[in-house]
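Read through the structure below, which is laid out as C-alpha cells, and then see the notes.
The values are calculated or read from the model by the stated rules, or taken from the named source; none is laboratory data. Bear in mind the structure is a predicted one, so any value in this text is a computation, not a measurement. So basically every Cβ, Gly included, is an ideal-geometry build from the backbone, and we count neighbours across all protein chains shown.
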Amino acid sequence: MPTQYVPGQPNPYFPKHEFHGIPVFGSFQCVDECKLHHVVGAAANVEKAVAAYILTPERLWGTFQVEAEELVKVNGRFDGNEQERNRRINAAYAKLWLADNRFQWAGLAAFASKQVGCGMLHSTQLSEHSAEELRTAASRSGSNTEFGASSVEPGLIGYGANFMLQRLGFGNLHLFLDIYPLHRFFMERGPDDFEKYLQFRNSKKYAVHWEVDS
C-alpha cells in the first residue's frame, strides 16, 4: 500500500523532528527559558524585552545536514571504512522510500548504491590478492632485483584497486550528503518551504562536510 510521510505522526523510520511545528523565523524557546533584558525603546525610554532563539532557515537546513553526516560517520570519521559506510547509505536511501513512496529516486538509489558497494568489494578483494602476491614474491625472492621484477604487475593492480575503492567511496559519500538532506527537508517542511528556503542551504555558519571543488 502506498505511503506518504506525515510530519509529526509516528512512523517506524524517523523520529519526530526537533523543530516540528515551529515556523521559520519563529521562536523555539519556551517563555520560561527566555532571558529578560533592558532595552532602549522607541521613545528613548528603558523598556524590558525577552530575547529568544529564532529558527532561521540556515539552522533548519543544518539539522538535516547533521543528520546525514551522523548517519555515515564510522567511529566518528568520514575517511576509511568505505564498505560499512556504503551499507549505511544503502539503508538510509531505502528508509526514505519506505517512509514516503513519492521518493522513487531514493528507492532506485538504494539499489544503485548497493552496486557501488559490489565494486568496493571487488576492489578490496583485488587489493588483498595483490598484497598476498607481493608477500609471496618477497618470501621467494633471493635478490631485490628478482623481487622488483616480479612485483610490478601485482603492485600496479593493488594501487589501481585501492584508488578505485577510494574514489567509489568518495562519490558514494558526497552524493549522499548532497541528496539526503534535500529529501528530509521536503519531507518535514513540504514543497512551499522547500522552494522558499532552498537558497539558504549553503551557509558558512552551518558548515557541512564537502570535499568537492565548487
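Assorted remarks:
- Residue check, VAL72 among the aliphatic types (A, V, I, L, M), under 22 Å from LEU177 (Cα atoms) and modelled with pLDDT under 95: yes
- Whenever a residue of the stretch 59-72 is in contact (Cβ under 8 Å) with a residue 24 or more places away in the chain and within 11 Å of ALA92 (Cβ to Cβ), its partners that are surrounded by 17 or more Cβ atoms within 10 Å (Cβ to Cβ) and of a type in the set (Ser, Thr, Tyr), lying with C-beta atoms within less than 7 angstrom and at least six residues away or across chains, give the pairs ALA68/TYR180.
- Some residue of the stretch 110-123 being buried (at least 16 other Cβ atoms within 10 Å of the Cβ), closer than 23 Å to PRO2 by Cα and not polar (S, T, N, Q): yes
- In the stretch 195-214, residue modelled with the highest pLDDT [restricted to those that are surrounded by 15 or more Cβ atoms within 10 Å (Cβ to Cβ) and outside any loop (DSSP other than H, G, I, E, B)]: TYR197
- Among the residues listed as ALA131, ALA94, ALA110, ALA106, the single one being of a type in the set (A, V, I, L, M, F, W, C) and either within 30 Å of GLY26 (Cα to Cα) or touching a residue at least 60 places away in the same chain (Cβ under 8 Å) (or both): ALA106
- Summed over the stretch 51-88, the residues that are of a type outside the set (D, E, K, R) and exposed (fewer than 13 other Cβ atoms within 10 Å of the Cβ) give a count of 5.
- Matching option when the condition is exposed (fewer than 14 other Cβ atoms within 10 Å of the Cβ), over 21 Å from the mean Cα position of the chain (by Cα), over 28 Å from PHE14 (Cα atoms) and modelled with pLDDT under 95, among SER130, SER150, SER143: SER143
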